[in-house]
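Quick note: the coordinates plus some simple rules give every number you see, no bench work behind them. Keep in mind that this is a model prediction, so the values were computed, not measured. Every residue, glycine as well, gets a Cβ built from its backbone with ideal geometry; the counts of neighbours run over all protein chains shown.
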Amino acid sequence: MMENLINDLLDLAKLENNSFQLSKDYFDLSGTIYEAFQVLQHSAEENNIELRAIIDKKSNLDLIQAMLGDKRRYMQILLNFLSNALKFTNSNGQITVYIQILDH
């Protein structure tokens, strides 16, 4: 978590210097969600909150497993959303990430 904070600060400095760049690589979105869940699992367990991911059955798994974009940014966004969800979810609650491909 400390490494993420340091990287976020470095990104802010790059934004101020106009040297910020997004990478464009293929990555597995479901794997990235799993990694984010692993980071926050302890906090979820402390509050008895279940973390779930559901992939829409109609979605093309090949597209989900080969997303083109900046994995680190997706992780950053996921951790932000999930951290906020943990803050505002009651004990014994559930947080669900639903993956659905709308258009490709």
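Most simply put, the stretch 23-99 has about 35% antiparallel DSSP beta bridges, counting only bridges with both residues inside it. Annotation: peptides 45-51, 97-103, ranked by per-residue average of other Cβ atoms within 10 Å with the highest first, follow the order 45-51, 97-103.
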